[in-house]
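What follows is a set of notes on a single structure, which appears directly below.
The values are calculated or read from the model by the stated rules, or taken from the named source; none is laboratory data. Quick caveat, the model's predicted, so the values are computed rather than measured. All Cβ positions, glycine included, derive from the backbone under ideal geometry; neighbour counts span all protein chains shown. Note: areas computed on protein heavy atoms with side chains; ligands, DNA, RNA excluded. Shrake-Rupley method; radii C 1.70, N 1.55, O 1.52, S 1.80 Å.
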Amino acid sequence: MSYLIKPTNYQPLLDMKQTELGIKQIKEFFQQNLSSELRLRRVTAPLFVLTGMGMNDDLNGIERPVTFPIKDLGEQRAEVVHSLAKWKRVTLADYNIEPGYGIYTDMNAIRADEELGNLHSLYVDQWDWERVITPEQRTVDFLKSIVTRIYSAMRRTEYMICEVYPQISSFLPHDVHFIHSQDLLDMYPDKTPKEREDLITERYGAVFIIGIGGKLSDGNPHDKRAPDYDDYTTIDPKTGLPGLNGDLLIWNSVLGRAIELSSMGIRVDKAALLKQLELAGKEERTKLYFHKRLLEGSLPLSIGGGIGQSRLCMLYLRKAHIGEIQASIWPEEMRQECAELGMQLI
């Protein structure tokens, strides 16, 4: 079911022409800074991959990819990507990228099972990035250092936008607050994961929640993750808690809630892949192309993630609906309500 968050007395700070220019400025400036921070080169990405190779991102494991037959391949089916989590790792190997360097790309996806609303669209656009690492860098401390670099690029982009559009004021805090999902559960044991996210992010402004996908002390994960890209089972020797991945959340004062801007993490090695596939009951995936390459050792160790382009623009430009940033399809009733509330959907 679709949803609509209705902010009180919402007034867009930019008209539609200014908004389009702002989107262009944000995307150009941020990707240059992201590339410099993480030493990433741009590559061209596919819109679809062949079904049955294990290359598509399974997200939470329940979303259906958009598929179609290919006439010249004997009606073999392809599917529109959900994201490029696995494709990027194969590309690192194909390009012989050295440790300390990586790639980024514009990822465009269709997610037909999304619940449409202020933050969710059928169309997903994000910067997908991946960086080669060494075995010694498969630590929570290294994960935090990468998150901090990405956040630095976000703060510089915010400064640029505030300089260009004085009616927009800065809001990002100086630093990201890191917390493990288990510690967050211990803080708010009677709250849902979403309620916990809102409480901690409103308090700190920018939060990175570590350990997404593994079961917590209440028997449930903070959120679901596919078992074959992020490592959510490796134990941090400093804390005794599992997980080398996480989500970056920013407090959105326009909507009065936390929004996820990035999902990222250190990727599974052979041991973590086998363990997570077993826990998920997905051992049959070891027969797929991607998984075979990982298990035979022909894929590098890596860290990577995705950063939502439309969500980032929505946040900087103080918009209340993602449809003010991107062109998509919305229920007619939602379009009418948004128009009445001052949200100009493209």
Karplus (6.51, -1.76, 1.60) ³J(HN,Hα), θ = phi - 60°, over the stretch 70-77, in Hz, Gly and Pro reported as x: 10, 4, 7, 10, x, 6, 4, 9
Grab the Cα-Cα distance for residue 20 and residue 340, subtract it from 0.36 nm times how many residues apart they are, and report the gain in nm with one decimal. 113.1 nm
Cα-projected label distance for residue 8 with residue 188, points at 7 Å along beta-carbon direction, nm: 2.0
State the label only: which of (1) 56, 54, 39; (2) 65, 49, 45; (3) 58, 45, 37 corresponds to Cα extents along the principal axes in Å computed from the shown model? (1)
Over the stretch 24-130, with the other protein chains present, what is the accessible area per residue in square angstrom, probe 1.4 angstrom? 46
A chain fully extended from residue 113 to residue 278 at 0.36 nm per residue, minus the present Cα-Cα distance, gains in nm 56.8 nm
In nm, spacing of pseudo-spin labels at residue 289 and residue 329 (7 Å Cα→C-beta vector): 2.8
Using the Karplus curve 6.51 cos²θ - 1.76 cosθ + 1.60 with θ = phi - 60°, work out ³J(HN,Hα) for each residue of the stretch 163-177 in order, rounded to whole Hz, and write x for Gly and Pro. 6, 6, 10, x, 6, 9, 9, 6, 8, 6, x, 5, 10, 8, 8
Along Cα→Cβ, 7 Å out, is where each label goes; now give me the distance between the ones at residue 41 and residue 144 in nm to one decimal. 3.3
J(HN,Hα) series, the stretch 87-98, from Karplus relation 6.51 cos²θ - 1.76 cosθ + 1.60, nearest Hz, glycine and proline x: 4, 4, 5, 5, 5, 4, 5, 5, 8, 6, 6, 7
Binned at 10 Å from zero, the C-alpha pair distances of the stretch 119-169 give percents of 18, 30, 35, 15, 2
Starting from 0.36 nm per residue, how many nanometres of slack lie between residue 67 and residue 220 once their C-alpha separation is accounted for? 51.9 nm
Can you return the lysines within cross-link range of residue 287? Criterion is Cα-Cα under 18 Å, with same-chain partners fewer than 8 residues away left out. 86, 270, 275
Give the aspartates and glutamates reachable from residue 292 as a straight Cα distance under 14 Å; neighbours fewer than 8 places away on the same chain don't count. 228, 269, 283, 284
Could you please state how large a percent of the accessible area of the chain is carbon and sulfur, counting protein chains only and using a 1.4 Å probe? 51
Round to the nearest 0.05 the FRET efficiency obtained for residue 175 and residue 32 when R0 = 22 Å and r is the Cβ-Cβ distance. 0.45
Treating only Lys and Arg (+1) and Asp and Glu (-1) as charged, each at its beta carbon, one finds that the chain has a dipole about its Cα centre, in Debye to the nearest 20, of 700
